[in-house]
Every structure is written in structure tokens, then in C-alpha cells.
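Accompanying notes for the structure given below.
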Amino acid sequence: MTKSKCLLLVAAALFVVGTAEAQPRKANLKMRQTQKVSSVTRVGKPAHGAPVKPNVTNTLRSASVLAESLDNKAGRIIDAMSLSPIKKWLHNVDEGALKAQYAEELMVHMTRMTSLFSAHRKAGPFAKFNEFEFQNLLVKSDYLLSLAVSRQSLEFAHHQEIFAEKFNTTLAAYNAERVGFDQKMIRFSFVAKR
């Protein structure tokens, strides 16, 4: 047998084996199907009465996005505060509206942080990346709460009775969970309206 005939014979054998392997095999489909993919999460309370854990990932994500937004708005308020009254009028800048909106968003951010502190206290550290994101968010949140523009915006909005009531409730809940988390609290002292 010549080399070319041997090579042709090996190629034919490989082709036959390859096509035999490629043909579909009959199998019991029930055995190949996954029996359970994932558990279904119900909204509300489970049958045994324990409350459903909050969706930590979504709360983290929304709190992080809100923290970034607050950081940007703080810069805009500082820019607005540096303008003269005439420039504010010319550029249609309403410093009071900016501060009121910032205070409202800061209150929402504090509510989300309260929820995260509560979940962390009850369940312990979050899973992998969520814990890392939470620790970064905590630093950013503390930074935002320490800004002078945050205190000034909250003081401006605190003169409205409805905001003052909501904020006092939010602050009390935040401090209760924060003390349980790391023994820290935040305090704001506002000047009374004349």
C-alpha cells in the first residue's frame, strides 16, 4: 500500500467515526431536564410569618446613584451661592429651590441608608461585592452628610413644617440604625426661623 492510499484510508476512517458520533442519540428527555432552577421569591410575608428580606442589591444601587446625584448637586449649589444676586437673576438660578430639592433627596438617601443598616445588622455582612459597595457607599454618605452645603440645605428646608416633621422622623430612624451598626450618630442643630 502506498502512502497516499494509507492516508486516504485513515481520512475515511476518521470521517466514518466523526459522522457516527455526530448522529443524534436517543435519550430520555426527562433525565436531561433540570428539576429545580431557582426558588420563587414571593412579595409580602412568607407562610411562616417572617418578614421578607429587603432587596439589598437594588437598595445599594439606588442609594449609590442618589449619592452621586447629591454630590453633583452640592457642587451646583456651591456655584449658585457664589453668584451675585444679579447673576442669579440673569442666569435664572433659584438657590432656594436647589437647596430644597437637595434636602429632599438627602432625606431619601438617609432612608435608604437606614434600610441598609437594618439589613446589615440583622443578616450580617452582605455577600462579596455588595459588602464592598456598601462600605464605599457608607464613606460617600458620611462625606455628603458632613458637607456644609448639606447642613445649610437641610436648615433651609427645615423651616417648612411638613419637611421638618418628615426629616425629624427620618433622622431618628437613621440614628437608631446607625448606632446599632457602628455606634455613630449624626446631629444637626438648626437656627430657629425669625
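Can you work out the accessible area per residue across region 59-112, with the rest of the protein chains kept in place, probe 1.4 Å, in square angstrom?
Per residue, region 59-112 has an accessible area of 55 Å².
Hey, can you find the accessible area per residue of region 134-194 for me, probe 1.4 Å, expressed in square angstrom? Mind dumping the intermediate values first?
Details: 3640 Å² over 61 residues.
Normalised by residue count, the accessible surface of region 134-194 is 60 Å².
Mind checking the dipole of region 93-154: about its Cα centre, +1 per Lys or Arg Cβ, -1 per Asp or Glu Cβ, Debye to the nearest 20?
320 debye
At 0.36 nm per residue, and after removing the present C-alpha to C-alpha distance, how many nm does the segment from Asn72 to Ala13 gain when stretched out fully? Could you put the intermediate results ahead of the total?
Details: separation 59, 0.36 × 59 = 21.24 nm, distance 7.00 nm.
Gain on stretching Asn72 to Ala13: 14.2 nm.
As I understand it, the dipole of region 51-96 uses +1 on the Cβ of Lys and Arg and -1 on the Cβ of Asp and Glu, about the Cα centre. Which of Val56, His91, Ser69 lies farthest toward its positive end?
Among Val56, His91, Ser69, the one farthest towards the positive end of the dipole of region 51-96 is Val56.
Would you list, by chain and number, the aspartates and glutamates whose Cα falls below 16 Å from the Cα of Lys87, excluding same-chain residues fewer than 8 positions away?
Asp79, Glu95
Considering only protein heavy atoms, with the full assembly of protein chains and a 1.4 angstrom probe, order Val10, Val149 by accessible area, largest first.
Details: Val10 85, Val149 10 Å².
Order by accessible area, largest first: Val10, Val149.
Measure off, as a whole percent, the carbon and sulfur share of the 1.4 Å-probe accessible area of region 90-194, all protein chains present.
56 percent
The values are calculated or read from the model by the stated rules, or taken from the named source; none is laboratory data. What you are looking at is a predicted structure, and each value in this text was computed from that prediction instead of being measured. Here the Cβ is made from the backbone with ideal geometry for all residues, glycine too, and neighbour counts use every protein chain on show. Surface areas here come from the heavy atoms of the whole protein model, side chains and all, with no ligands, DNA or RNA. Shrake-Rupley method; radii C 1.70, N 1.55, O 1.52, S 1.80 Å.
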